[in-house]
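Heads up: the structure comes next, in structure tokens.
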């Protein structure tokens with residue numbers, strides 16, 4: 001499959017020249033959480049995975065006990081990695097959760113191996129689908145998270161969501177497409193309709209299981225582009 005290369009995000013920057021990454025179209029990735037234990041990261045890397053998102057935090061009271069080991073394991077295996085935060089807009093405001101995320105592993109450094117932190121905002125696992133917020137209030141919540149994260153790290157967060165949830169709970173807001181890369185969850189043979197404003201997905205979570213641990217992902221570009229998004 002071919003996807004629109006995310007040039008407007010600077011992913012084709014000439015200054016980003018990968019040294020150890022193998023060039024391939026649509027680099028493969030995974031995302032994992034505390035549900036995945038004892039990951040053999042060397043085997044994961046050998047299977048062709050070049051990037052990983054790892055759950056760090058949830059709400060303002062949970063840090064994954066697996067995060068440090070997973071993050072270090074991915075790093076040691078030469079995998080470009082980043083952290084993600086599972087949002088709970090019903091617990092506290094976006095700024096508070098962004099600060100909690102940054103303080104517990106979700107920061108970013110322009111080192112070529114760290115992906116921008118990701119905001120995982122999706123269906124409520126234990127309550128109202130939109131966490132009791134109106135569409136306008138949800139947009140405000142995401143904006144507070146995004147701006148706080150950017151102020152702390154210098155990067156806007158990647159936004160992970162589904163088109164259905166985003167349409168239902170933000171009114172299909174196009175507010176964030178100019179700054180935040182889209183990580184779309186869509187378990188299908190091809191990427192479907194994108195949320196408003198985004199012309200392409202930067203990451204695509206295409207399956208919730210596969211030959212490697214966790215969920216299965218693609219990066220929309222090549223190895224040089226993946227390296228560039230981790231370099232700022």
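The values are calculated or read from the model by the stated rules, or taken from the named source; none is laboratory data. Given the structure is predicted, the values throughout are model-derived calculations rather than measurements. Here the Cβ is made from the backbone with ideal geometry for all residues, glycine too, and neighbour counts use every protein chain on show.
What to note about this one:
- Residue within the stretch 87-97 that is in contact (Cβ under 8 Å) with a residue 40 or more places away in the chain and out of contact with any helix residue (DSSP H, G or I) (no Cβ under 9 Å at 6 or more places or on another chain) present: yes
- Every residue from the stretch 179-191 that is in contact with a helix residue (DSSP H, G or I) (Cβ under 9 Å, 6 or more places away or on another chain), farther than 22 Å from residue 125 by Cα and surrounded by fewer than 24 Cβ atoms within 10 Å (Cβ to Cβ): 179
- Identity of the residue in the stretch 151-163, surrounded by 17 or more Cβ atoms within 10 Å (Cβ to Cβ) and over 14 Å from the mean Cα position of the chain (by Cα), that ends up nearest to residue 214 (Cα to Cα): 163
- For the stretch 106-118, filtered to residues that are in contact (Cβ under 8 Å) with a residue 40 or more places away in the chain and surrounded by fewer than 20 Cβ atoms within 10 Å (Cβ to Cβ), the residue that is nearest to residue 128 (Cα to Cα) is 107.
- The residue that is nearest to residue 230 (Cα to Cα), among those in the stretch 152-173 that are touching a helix residue (DSSP H, G or I) at 6+ places or on another chain (Cβ under 9 Å) and in a helix (DSSP H, G or I), is 153.
- Qualifying residue in the stretch 26-47 (condition: at pLDDT below 95 and either touching a helix residue (DSSP H, G or I) at 6+ places or on another chain (Cβ under 8 Å) or surrounded by fewer than 21 Cβ atoms within 10 Å (Cβ to Cβ) (or both)): yes
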